[in-house]
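Contents: one structure, followed by commentary.
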Amino acid sequence: MPASGRAERLGILGGTFDPPHLGHVAAAVACRDTLELDRVLFVVANDPWQKSPLHPISPAQDRLAMVAAAIEGVERTEVSRMEVDRGGPSYTVETVEALGTTRPPPEQFLIVGADVVATLPTWHRADDLARSVTVAVVARPGVEAPSAPPGWRLELVEGANVDVSSSEVRALVAAGRPIGGLVPPAVERCIRARGLYSFA
């Protein structure tokens with residue numbers, strides 16, 4: 001936590017986390033260290049409204065458990081269930097506003113991948129969100145920074161070169177193929193124990 005009287009530097013890594021993988025953890029650690037964040041919150045979406053129409057989403061309690069497993073022992077990271085407890089569609093701007101009610105309000109950094117930057121203007125109440133956060137853009141080393149949409153503040157963070165996606169992990173599990181090296185071992189154990197993604 002910050003010294004008394006100083007505003008907290010708070011990272012927000014929101015997502016479906018279905019499942020969380022090593023890329024998520026690497027992004028959080030890179031932003032934590034590069035931007036000197038006091039904490040990084042892994043905010044688990046209740047209903048990821050831009051994704052849920054496209055494919056089935058695992059129950060929120062399973063995704064919360066996997067995130068907790070993924071970041072166990074990773075300093076200055078926490079799992080947040082605030083969007084799950086709020087219910088309904090998960091809008092990042094509402095989460096940012098709720099986190100901003102402390103005094104002094106935290107300086108909030110929204111952690112995203114470089115591929116997400118172009119979509120930011122399509123997010124719910126995008127103008128309000130742009131005024132409230134600095135976007136921490138995690139890019140692979142040596143990759144040129146994406147252009148900031150009008151009104152958005154960006155900070156480029158070079159992340160680890162971890163090439164993995166949640167959809168890839170789900171497909172491998174469904175096919176009965178190994179996922180070692182793609183997710184933390186504790187997440188793989190959680191997937192097995194909960195019988196997710198048709199793990200044999």
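A few points about this structure:
- Total charge dipole magnitude, region 9-194, about the Cα centre, Cβ charges on Lys, Arg, Asp, Glu only, Debye to nearest 20: 380 debye
- Helix axis angle, 22-34 relative to the chain longest principal axis, alpha carbon, degrees: 20 degrees
- Recomputing semi-axes √(5λ) of the Cα gyration tensor in Å from the coordinates shown identifies the correct label among (1) 27, 18, 18; (2) 24, 20, 18; (3) 29, 19, 15 as (1).
- Tilt relative to the chain, helix 185-194 - C-alpha long axis, 0 to 90 degrees, to 10: 60 degrees
- Between Asp127 and Thr101, the simple spin-label model (points 7 angstrom out along Cα→Cβ) gives 2.5 nm.
- Of Ile111, Ile12, Ile179, the residue with the greatest mean-square motion in the GNM of the chain, using alpha carbon springs below 10 Å, is Ile179.
- Measuring r between the beta carbons of Arg194 and Thr119 and using R0 = 30 Å, the FRET efficiency lands at 0.50.
Every number in this text was worked out from the coordinates using simple rules, so none of it is lab data. Everything numeric here is computed off the predicted structure, so don't read it as measured data. For neighbour counting, all protein chains shown are included, and Cβ atoms are generated from backbone atoms with ideal geometry for every residue, glycine included.
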